[in-house]
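Q: Let me give you the structure first, and then I'll get to my questions.
The values are calculated or read from the model by the stated rules, or taken from the named source; none is laboratory data. Since the structure is predicted, the reported quantities are computational estimates derived from the model, not experimental observations. Here the Cβ positions follow ideal geometry from the backbone for every residue, glycine too, while neighbour counts run over all protein chains shown. Surface areas here come from the heavy atoms of the whole protein model, side chains and all, with no ligands, DNA or RNA. Shrake-Rupley method; radii C 1.70, N 1.55, O 1.52, S 1.80 Å.
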Amino acid sequence: MNFLDNIDKGRAEATPSTDIENFSKRQDELMYILFMYIHDTCWESTKPRVSPMADQTGTLNWQAAQQLYHDLIVVFDRVILPTHALCHTQFLMFYLCSFKPALCDVFIDFLWKRFQNPNTSAIIRQNSAAYVASFLARATYVPATTVKSAFDLFCGWMHRYIDSQDASSHAYPDLSLYGTFYAACQAVFYVFVFRCEELVTLRKGHAWLRSLNFQRIVTCRLNPLRVCFPVVVTSFASVTRSLQLAYCYTVIEHNNRNMIPIATESNASPNGVLDSFFPFDPYMLEKSERFIAPLYREHQLRKTSPVEENNDEDDFLHFSVSPGFNHSCIISPAQDICDMQMSI
């Protein structure tokens with residue numbers, strides 16, 4: 001066997017799964033280096049920061065953390081936010097924001113401004129809503145009071161949007177026309193499934209939740225339950241029913257009986273459903289995961305009644321990961337590298 005035969009044999013033995021494995025290991029090493037750089041830049045300590053309170057002897061260099069945030073947010077705005085279906089790179093911001101509540105608040109404010117700015121492209125606005133939703137749902141260091149403030153902003157915006165459309169005789173479910181509205185609805189539905197128990201226990205929490213008027217949102221003429229990702233919709237329906245905040249099943253059943261494909265040009269699946277991309281779905285890189293795991297909220301199963309346990313529509317409550325993970329992150333951890341290179 002000559003040299004060329006050896007090369008051909010090596011190529012034949014190479015498999016796509018091997019390539020993905022190699023890319024994943026490479027990205028894992030790169031993410032570990034970047035996490036260490038963020039830590040060493042912001043903390044006056046020699047030990048890696050693996051949880052919000054792990055390094056009791058470390059001192060946060062607030063000036064350095066602020067400067068690093070400003071540098072990273074520029075990259076996030078230009079490269080990460082417009083890039084669809086990244087799996088890991090965005091966790092650099094997730095980690096940095098855990099250092100101090102002020103960083104968390106300014107990051108949410110940045111995304112909110114991108115979302116509600118009518119001069120921003122529809123894709124960026126929808127991606128911004130997805131980032132807010134995933135961040136609020138998954139970050140353990142985000143308090144319920146912050147989620148409450150975000151709900152006030154998003155639900156207030158949604159009700160004003162409904163008011164503006166109620167006057168029109170042409171309002172009907174259309175993702176290409178109302179994609180930003182549906183992105184806001186899906187963000188609220190998704191976060192509520194994760195954080196509902198904390199929100200209810202806030203002072204006058206149930207009364208505040210009733211004031212958000214979920215029932216008006218789910219029964220409006222734009223019909224978000226028709227367009228939002230089905231697993232998120234059924235999960236939200238289950239939770240709001242148990243808390244007596246809204247009853248969604250009549251609308252869901254009507255939508256199922258009248259399912260007609262919708263042509264769209266937005267973040268949608270072929271059947272006209274809003275995409276299930278949630279940027280902070282479970283982190284899958286083994287070595288660098290140590291920086292994220294202590295900061296990360298897995299979905300906890302709610303205590304349900306026997307009737308709810310037998311409800312076939314409550315599939316989401318039996319998963320420990322969000323629906324977006326099933327469609328994006330599990331495909332290829334190497335997707336980040338390819339997508340980032342294409343974006344740059």
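Q: Got a sec? Which of D314, D275 is buried (at least 18 other Cβ atoms within 10 Å of the Cβ), over 23 Å from H159 (Cα atoms), modelled with pLDDT under 90 and acidic (D, E)? Before you say what the answer is, go through the steps one by one.
A: On the way: D275 fails: over 23 Å from H159 (Cα atoms).
Sole residue among the options that is buried (at least 18 other Cβ atoms within 10 Å of the Cβ), over 23 Å from H159 (Cα atoms), modelled with pLDDT under 90 and acidic (D, E): D314.
Q: Suppose we filter the range 209-223 for residues that are open to solvent by 20 Å² or more (accessible area, probe 1.4 Å) and more than 18 Å from A167 (Cβ to Cβ); how many remain?
A: Taking the range 209-223 as the starting set, the residues that turn out to be open to solvent by 20 Å² or more (accessible area, probe 1.4 Å) are 210-211, 213, 215-216, 219, 221, 223.
Then drop every residue that is not more than 18 Å from A167 (Cβ to Cβ), which leaves 210-211, 213, 215.
Residues meeting the conditions: 4.
Q: Also, quick follow-up: Please list, ordered by first then second residue, the pairs with beta carbon atoms under 6 Å, 6 or more apart or interchain, first in the range 270-294 and over 13 Å from A139 (Cα atoms) and among the basic types (K, R), second outside any helix (DSSP H, G or I) and open to solvent by 10 Å² or more (accessible area, probe 1.4 Å).
A: From the range 270-294, the pairs are R290/V50.
Q: State all residues of the range 202-212 that are part of a loop (DSSP other than H, G, I, E, B) and within 22 Å of Q116 (Cα to Cα); if no residue qualifies, say none. Step through it out loud before you land on a result.
A: Taking the range 202-212 as the starting set, the residues that turn out to be part of a loop (DSSP other than H, G, I, E, B) are 202-204, 212.
Once the filter is applied, which keeps residues that are part of a loop (DSSP other than H, G, I, E, B) and within 22 Å of Q116 (Cα to Cα), the range 202-212 yields only L212.
Q: Here's a follow-up. Give me the residue from the range 72-118 that is hydrophobic (A, V, I, L, M, F, W, C) and not in a helix (DSSP H, G or I) and, out of that set, modelled with the lowest pLDDT. Before the answer, list the steps.
A: Step one: of the range 72-118, the residues hydrophobic (A, V, I, L, M, F, W, C) are 72-76, 79-81, 85-87, 91-94, 96-97, 99, 102-104, 106-108, 110-112, 115.
Then drop every residue that is not not in a helix (DSSP H, G or I), which leaves 81, 85-87.
On the way: L81: 96, A85: 83, L86: 88, C87: 88.
Only one residue fits best here, namely A85.
Q: Scanning for something under 20 Å from T120 (Cβ atoms), outside any loop (DSSP other than H, G, I, E, B) and not aliphatic (A, V, I, L, M), does the range 185-201 turn up at least one residue? It would help to see each step written out before you state the result.
A: Quick first cut of the range 185-201, residues under 20 Å from T120 (Cβ atoms) only: 185-188.
Within this subset, residues satisfying the condition of being outside any loop (DSSP other than H, G, I, E, B) are 185-188.
Going one step further and asking which of them are not aliphatic (A, V, I, L, M), we end up with 185-186.
Looking for residues that are under 20 Å from T120 (Cβ atoms), outside any loop (DSSP other than H, G, I, E, B) and not aliphatic (A, V, I, L, M), one finds at least one in the range 185-201, hence yes.
Q: Can you tell me how many residues within the range 127-149 are in a helix (DSSP H, G or I) and either among the hydroxyl-bearing types (S, T, Y) or open to solvent by 10 Å² or more (accessible area, probe 1.4 Å) (or both)? Explain how you work it out, then say what you get.
A: Our first condition is that a residue be in a helix (DSSP H, G or I); within the range 127-149, this holds for 127-138, 144-149.
Restricting the remaining residues to those that are either among the hydroxyl-bearing types (S, T, Y) or open to solvent by 10 Å² or more (accessible area, probe 1.4 Å) (or both) gives 128, 130-131, 134, 144-146, 148-149.
Total meeting the criteria: 9.
Q: When you go through (1) touching a Ser or Thr at 6+ places or on another chain (Cβ under 9 Å); (2) loosely packed, with under 15 Cβ neighbours inside 10 Å one by one for F229, which number turns out not to apply?
A: Here F229 meets the rest and fails (2).
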